[in-house]
Amino acid sequence: MKNYITDIVKHNGAKLRKLFIIGLRDMYWAEKKLIKSLPKLARTATSEDLKVVFETHLTETQAHVNRLERIFKVIDEPAKTKKCSAMVGLINECDEIIESTEEQSSVRDWGLIFASQKIEHYEIASYGTLRTIAHILRYAEVAELLQITLDEEIQANGKLNDLAEAYIYMEAVLD
Ligand SMILES: [Fe+2]
């Protein structure tokens, strides 16, 4: 495995670095888009608990943007964005759910949890891969920074899971 990685860096290091930068720019755009979108999710959520999850994640997302800017500095690249088509689609799904569910309903919250977990999974997949590429490219500090963000995304997804489970419990009690 070690020889294989050394081989990648030796022969494809520049190409892999280019791919890495594209990935960082994609996430930089995606996180900025989320900063604009999370307040709407918090505003339209029904339960106080779900609103808090979105508001907390907004603060974390701001930190993710700052961390990406630090990463661009470390690798000596300008902090540029690249439009993330996946995030456009995921946010569109959130809007569709808001439009197709009633205000102040538990179904609205189910829909928002469903849609925002897809966002978290996209981010978890992206940061996990970027962290691994950072290791391969021997950007130890960058890999550490990406791991911090990755852990926060995993945590945010866990909170959404906990809420979904609490709802299942509540609906079961109400039945
Ligand atoms: Fe994030």
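Couple of notes before you dig in:
- One equal scatterer on each Cα of region 1-98, no solvent, Debye formula: the resulting log10 I(q)/I(0) at q = 0.13, 0.15, 0.17 Å⁻¹ is -0.59, -0.72, -0.83.
- Violating pairs (Cα-Cα greater than 26 angstrom) within the set Lys40/Lys82; Lys18/Lys159; Lys36/Lys80; Lys32/Lys118; Lys10/Lys32: Lys18/Lys159; Lys10/Lys32
- Sorted by Cβ neighbour density within 10 Å, fewest at the top, the residues Ile133, Ile71, Ile124: Ile124, Ile133, Ile71
- Helical mean residue ellipticity (222 nm; -39500 (n - 2.57) per DSSP H run of 4+; nearest 500) of the chain: -31500 deg cm²/dmol
- Kirkwood Rh, Cα atoms: Rg over Rh of the chain: 1.06
- Relative exposure of Glu152, Glu99, Glu144, judged by other C-beta atoms within 10 Å (fewest first): Glu99, Glu144, Glu152
- Exposure proxy order (Cβ contacts within 10 Å, fewest to most) of Met87, Met27: Met87, Met27
Read-outs: derived from the displayed coordinates by stated rules, not from any lab. Treat the numbers as computed from the prediction; the structure is a model and nothing was measured. As a convention, Cβ positions derive from the backbone with ideal geometry for all residues, glycine included, and neighbour counts pool all protein chains shown.
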